[in-house]
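K.L.:
To start, I am sharing the structure in question, which I have written as structure tokens.
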Amino acid sequence: MTSLPTLAASEEHELALLLSGRCRRCAERLPGGTALRGRPCPRCGEETLPSATDRAVLHELHGAQSAVRLWLAVAAVAVGAMVASWFPLINSLLIIGALVWLRFTIVKPGLSLLTPRRRIVTRWTLRLAAGCFLALSFIVLELLTFIPGAGALVKTAVSALEVAGAGLMTRRYLTWQIRREGQGAPVALWELALLAAWALVLALTVALLVVVVLWLLSKLGLLESRVLGAMPGVKP
């Protein structure tokens, strides 16, 4: 014998269920776009967003939660960079960790509100943009290591600003896509073209990253020793 679905205890709980892509009454996962467009739950028939006020509150709740998580990530990267910014690669690893955490706490809940087509476009746009950002971030931070006067404070500030900038751009883009989903707007052709553009930018950025890595290895003397060591009869 199964118990009947119970109504969520409070409006805050109901909105939290909708924010996670679930019905406010039976807590079953909703198909993408259902909550934002006010369509009834396909399982129990409950209206997901019966009023424009609820829709606005849902958007506001999503924005407030993601803002708090973003600034927590910025603070964590700033503290970590301050402690260990004189070590190579530490700042880049901190930024990667912050972006992974933001992906699971901000991007993933937002994607659950979108229809499959828009979800795919949004996910891959953010992935390609993140790849470009990480490559450029690595180049900037590691080059600062070889610039006199670029101490811990400079690398800490750069790391924090990079995470804040990437997070704000992600939030803005995701909120824009959620708003378009709520309006029922179709995915535009230029959004698909943007994916191709990001892929091209990523390829160019990775090529630049390879050049910078080879230059860093040569500055450290590792590249020359490896090349000479591979030549027969030559000792590095």
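K.L.:
Thr105 to Ala185: FRET efficiency via 1/(1 + (r/R0)^6), r the Cβ-Cβ distance, R0 41 Å, to the nearest 0.05?
P.N.:
The pair Thr105/Ala185 has a calculated efficiency of 0.95.
K.L.:
Turning to a different aspect of this structure: Sticking with the crude label model, points 7 Å out along Cα→Cβ, report the distance from Leu161 to Leu194 in nm, one decimal please.
P.N.:
Spacing of the two 7 Å Cα→Cβ label points: 2.5 nm.
K.L.:
Hey, another quick one. Classify region 147-211 from the C-alpha gyration tensor, please: rounded if a/c falls under 1.5, else prolate or oblate depending on whether a/b exceeds b/c.
P.N.:
oblate
K.L.:
Label 7 Å along Cα→Cβ of Leu153; region 70-84 residues with amide nitrogen under 15 Å?
P.N.:
Zone members listed by number: 82-83.
K.L.:
Obtain the nm distance between the two label points defined at Ser218 and His13 by a simple spin-label model: each point lies 7 Å from its Cα along the Cα-to-C-beta direction.
P.N.:
Label at Ser218, label at His13, 6.5 nm between them.
Read-outs throughout are calculated quantities, based only on the coordinates presented, and are distinct from any laboratory measurement. Because the structure is a prediction, the values reported are computed rather than measured. Cβ: placed from backbone, ideal geometry, glycine included. Neighbour counts: every protein chain shown.
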